[in-house]
Amino acid sequence: MSGRILMLHTGGTIGMERSPQGYRPMTRFSAIVPQHMATLSGLPDYDLIELAPLIDSANLLPSHWARIARTLRTHWNQYDGFVILHGTDTLAWTASALSFMFQSADRPIILTGAQIPLLEPRSDALANLGTALILASSPANRGVTIFFGGVLLQGNRSTKSSSTDFQAFSSPNAAPLARAGISLPSQLPAPPTGPMPNTHIDTLDDHAVTVLTVYPGLCATQIEALTQAPALRGLILCSYGTGNLPDADPSLLQALARAVESGIVVVNRTQCAQGSVVHGTYATSSTLERIGIISASDMTLEAAFAKLHILLALHRDPQQVRVQFRIPLCGEMS
Ligand code: ASP
């Protein structure tokens, strides 16, 4: 192995420029990066490729994950590590998806980006990118992680928690893997690997999974409207606290039970940033298991959404998806 890194640029603030409408991806980024990187010594060798078209990651679709994964697979044996430049808005969603698609990765896939574009004053781009490259070249490192604002986080435990801080990401239910201060840790703890080989998924149905936040006043007709979408195969409920749904209105649970019976996999995830769903803690969640709703435990929304997408792409049978969803596949839940 040559210690060579592939940098895959997908878009995002790191490579954006100002326009009358606000920041947008610039086309000259791939030419500009090497000039800036050349000012730093001691970085590993890298090649840079772009995924066309470059996007603001607010426009990311699940099908983009399959494209990113295909690009990584195409170049897998030519490189020792991968750095993905990504918009911060959906970076944690992509990191989660890649963790399930590259469960047994024997080399690092590190996602990074910036809060301020590379060409703007006070940009955090070079600090994030330079350290991500160094971490990606460490032979002991492997698996899908996020390096941003001085911390290395497990990809499928992370979420964007600040739209303004340089430390934009956190992993509320898992300690950071490492902090980068003046020195870098020589031995990095790797995120857990999974039982499945790296999964070849050529396409993902963008409309297979939806998310519904529970709120005071939610009623059965809203659930029915959502679950009648023809392509829908998975629903993530963001419930209160330890997984509570309003149970005073029986028609709401009946609508969910009908969705489960129709073959939709319904997952219950807490809308709290930290903590876990524990069905049966309160009477308001005790019937959920009985009607076939499964717990997301302490997974982030991003990890639960990505896991459901990947499992639905792999299995036609909803029961098989339910069984697999409950199993921790690659450290995504405690
Ligand atoms: N909207 C941008 C994006 O996600 C935000 C960023 O990169 O920080 O592409």
Hits in region 221-253: amide N under 16 Å from the 7 Å Cα→Cβ extension of Ile291, namely 221-228, 235-240, 243-253
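So in region 73-212, what percent of DSSP beta bridges are antiparallel if you round to the nearest 5?
Percent antiparallel among DSSP bridges in region 73-212 is about 50.
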Loop-resident sites, region 253-334, for GluC sites (Glu not before Pro), counting at most 14 other Cβ within 10 Å (DSSP): Glu289
Sites matching trypsin sites (Lys or Arg not before Pro) across region 191-279 that sit in DSSP coil, with at most 11 neighbouring C-beta atoms within 10 Å: none
Using only Cα atoms, locate the centre of region 72-103 and the centre of region 117-155, then give the distance between them in Å, rounded to an integer. 13 Å
Going by amide H atoms built from the backbone, whose H comes under 5 Å of the H on Leu235, apart from near neighbours? Thr210, Val265, Val266, Val267
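Taking other Cβ within 10 Å of each residue's Cβ, how do Lys160, Lys307 sort, fewest first?
Lys160, Lys307
When only C-alpha pairs under 8 Å and at least 6 residues apart count, what is the relative contact order of region 107-218, in percent? Intermediate values should be presented prior to the final figure.
Details: 159 pairs, mean separation 22.8, N = 112.
Over region 107-218, the number comes to 20 percent.
Per-residue ellipticity at 222 nm for the chain, helices alone: DSSP H runs ≥ 4 residues times -39500 (n - 2.57), over residue total, nearest 500 deg cm²/dmol? The partial results should precede the final answer.
Values: 9 runs with 93 residues, N = 334.
Per the formula, -8500 deg cm²/dmol.
Report the charge-dipole magnitude of region 123-282 in Debye, nearest 20, computed about the Cα centre from +1 at each Lys and Arg Cβ and -1 at each Asp and Glu Cβ. It would help to have the intermediate numbers written out before the result.
On the way: 7 positive and 9 negative charges, 99 e Å.
The dipole of region 123-282 has a size of about 480 debye.
Once fully extended, how much extra length lies between Ser251 and Ser63, figured as 0.36 nm per residue of separation less the alpha-carbon to alpha-carbon distance?
Working: separation 188, 0.36 × 188 = 67.68 nm, distance 3.46 nm.
Stretched fully, the Ser251-Ser63 segment lengthens by 64.2 nm.
Please order Arg316, Arg322, Arg67 by the number of other Cβ within 10 Å, starting at the fewest.
Details: Arg316 10, Arg322 18, Arg67 15.
Fewest-to-most ranking of Arg316, Arg322, Arg67: Arg316, Arg67, Arg322.
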If amide H atoms are modeled at 1.01 Å from N in the peptide plane, then the residues at a separation of 5 or more from Leu48, or on another chain, having amide H under 5 Å from its own are Met7
Taking the dipole of the chain about the Cα centre (Lys, Arg +1; Asp, Glu -1; charges at Cβ), the one of Leu288, Leu311, Thr88 that reaches farthest to the positive side is Leu311
Return the sequence-ordered ³J(HN,Hα) values of region 186-191 in whole Hz as given by the Karplus equation 6.51 cos²θ - 1.76 cosθ + 1.60 applied to θ = phi - 60°, using x for Gly and Pro. 6, 10, 9, x, 8, x
Counting only DSSP beta bridges with both partners in the chain, the antiparallel fraction in percent, to the nearest 5, comes to 25 percent
Taking other Cβ within 10 Å of each residue's Cβ, how do Phe169, Phe148 sort, fewest first? Phe169, Phe148
Computed magnitude of the charge dipole of the chain (debye, nearest 20; Cβ of K, R +1, Cβ of D, E -1): 320 debye
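Rule-based calculations on the coordinates, nothing more; no lab input. Worth saying up front: this structure is predicted, and the values here are computed from it rather than measured. Backbone-built Cβ (ideal geometry, glycine too); neighbour counts: all protein chains shown.
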